[in-house]
Amino acid sequence: MLYIDDAVKGIIKYNADGSYDSTIPLKVKNRRLHVSNSGTLIINNLNMLGKEKYSLIEMTPQKDTLFSASNHRVFDCENAFFLPMHPSFKSNKNGLLFNPACCDTIYSYSTGNLEPKYIVDFTHPVTASELKDFNKYMIDTQFIMDYSEDDKNLYLTIFDRDWDYKQYIMRKRSGEIHRAHYRISDDFNTEFSPRWQYGDLLIDLFDPATLNYTYHKDITPEDSRKAFDFFKNHGIPGIEEDSNPIIMVSKAK
């Protein structure tokens, strides 16, 4: 088992019985990790401070570097920021996909080969000056936050200036991108944008206390009633406003 430990700035390796094996030291924090089929470690430095030299590093468990790619943008951060749950790596049937933080491009990666695969033409992609102080300088910034794909479509969660995560679909054949508005059912027809999407599965947390099933800003009392009725009628009897959050998984039509 491998565990990223920012306190010791390294990847800690444990044996199958849970005993400590070794530590692979790294010089930066805010990392994402993927283990290849051959056992090599593929590491993404999220470049939150703007000084990290490498964006992607592949190394063996014996600490031999097989490949490294420089960060595409260097800046001197005045106020560090954090991107929760940014999924750098995704596996597909053809190999590994890689999305650096605050970027408009998804890459394909195999050892020694990093190539752009999908590029989103944002009106205002992130600039180095905005990254220096994200809260202060961000105006119309957009970047890819999460992504998944099937044979026909690329599903994108895009961060925008509203500090919101909006869902888009890119048709692979045409390259067209359009907003993805979802409705859970005909009787619960409030539009919502799930925080996670895997193929045609839409995944979110439903918090009855805040009606956090949606990013729609104008939730009406009627919307609230429909939400409670919907979940009560779909296998969650007895749900109340002080109930614990539940995982909601639905399928896009």
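Bear in mind these aren't lab numbers, they're just calculated from the coordinates by the rules spelled out. No experiment lies behind these values; they were computed from the predicted model shown. Virtual Cβ from ideal backbone geometry, glycine too; neighbours counted across all protein chains shown.
Summary table
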read-out	value
Estimated distance in nm for a label pair at Tyr137 and Ile247, the labels positioned 7 Å out from Cα along Cα-to-Cβ	3.9 nm
Nonlocal amide H pairs with Ala180, under 5 Å, H built at 1.01 Å	Gln167, Tyr168, Ile169
Extension gain, Asp21 back to Ser174 (0.36 nm per residue minus Cα-Cα distance, nm)	50.1 nm
Efficiency of FRET between Asp229 and Lys90 - r from beta-carbon atoms, R0 25 angstrom, step 0.05	0.10
Entries of Lys53/Lys166; Lys90/Lys152; Lys90/Lys117; Lys51/Lys136; Lys117/Lys152 with Cα pairs more than 21 Å apart	Lys53/Lys166
Overall Cα dimensions of region 2-180, principal axis frame, Å, largest first	48, 41, 28
Residues Asn79 and Asp150, FRET efficiency given R0 of 41 Å [Cβ-Cβ distance, rounded to 0.05]	0.60
